[in-house]
């Protein structure tokens with residue numbers, strides 16, 4: 001673990017867990033969270049959105065590209081910089097990264113936001129809406145999952161009970177949801193920010209076209225052909 005000194009006293013509040021351990025293989029093997037949209041990395045944008053809604057305790061799980069992401073986070077000058085957790089065996093399934101993050105908690109928070117790091121449009125309004133929906137849930141429900149046209153998205157929001165259960169559940173949130181449907185609120189929303197990620201060059205081209213902002217890739221092998229739509233293979 002790296003990052004700020006650990007402060008267990010904050011862990012009864014709201015904590016965010018950002019999953020950033022992926023390889024970015026469909027983009028030629030780049031850390032997707034370090035893609036720049038309009039000059040800011042996707043990770044910078046997420047951290048700013050979390051700070052805007054008052055969430056200062058953030059953990060970032062890295063795996064592939066861990067050194068590059070950790071180095072970038074060290075450049076962030078904030079009162080409470082993110083804590084970096086390293087997943088030694090990252091794969092395509094984020095379940096291990098979720099479990100690693102949950103096991104890093106000294107005490108279970110009242111609300112844990114779990115989100116992947118490649119959601120370029122997920123800003124403070126979407127986070128506020130998800131938290132409000134979570135707070136308005138039936139208290140027999142321990143998890144909120146946003147859905148857009150039936151597609152599950154992020155952030156998932158967990159209460160302390162769900163955090164305690166899932167830290168020892170190897171199948172991750174998706175498998176747990178299938179066995180405990182009554183404990184999950186599927187919150188329907190029309191905001192595509194909850195589900196719109198970037199996995200392919202075409203995704204980046206659409207993002208540049210839709211936002212009118214430049215998209216710049218982090219350093220990567222130079223032999224890839226990417227759609228020219230405001231994308232800079234930097």
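The values are calculated or read from the model by the stated rules, or taken from the named source; none is laboratory data. Just so it is clear, the structure is predicted and the values come from calculations on it, not from any experiment. Cβ sites come from the backbone with ideal geometry, for glycine too, and all protein chains shown count toward neighbours.
Couple of notes before you dig in:
- Just one of (1) crowded, with 18+ Cβ neighbours inside 10 Å; (2) at pLDDT below 95; (3) under 15 Å from residue 34 (Cβ atoms) fails for residue 75. It is (1).
- Search result, residues across segment 101-124 that are closer than 26 Å to residue 192 by Cβ, touching a helix residue (DSSP H, G or I) at 6+ places or on another chain (Cβ under 8 Å) and outside any loop (DSSP other than H, G, I, E, B): 111, 112, 113, 114, 115, 124
- Residue in segment 153-161 that is in a strand (DSSP E or B) and either within 20 Å of residue 44 (Cα to Cα) or without any contact (Cβ under 8 Å) to a residue 12 or more places away in the chain (or both) present: yes
- Annotation note: Cβ proximity below 9 Å between a residue of segment 129-140 that is under 23 Å from residue 192 (Cβ atoms) and a residue that is assigned to a helix (DSSP H, G or I) (sequence gap 6+ or interchain) occurs for 129/194; 130/194.
- Applying the criterion of being over 20 Å from residue 100 (Cβ atoms) and out of contact with any strand residue (DSSP E or B) (no Cβ under 7 Å at 6 or more places or on another chain) to the residues of segment 143-173, the residue that is surrounded by the fewest Cβ atoms within 10 Å (Cβ to Cβ) is 150.
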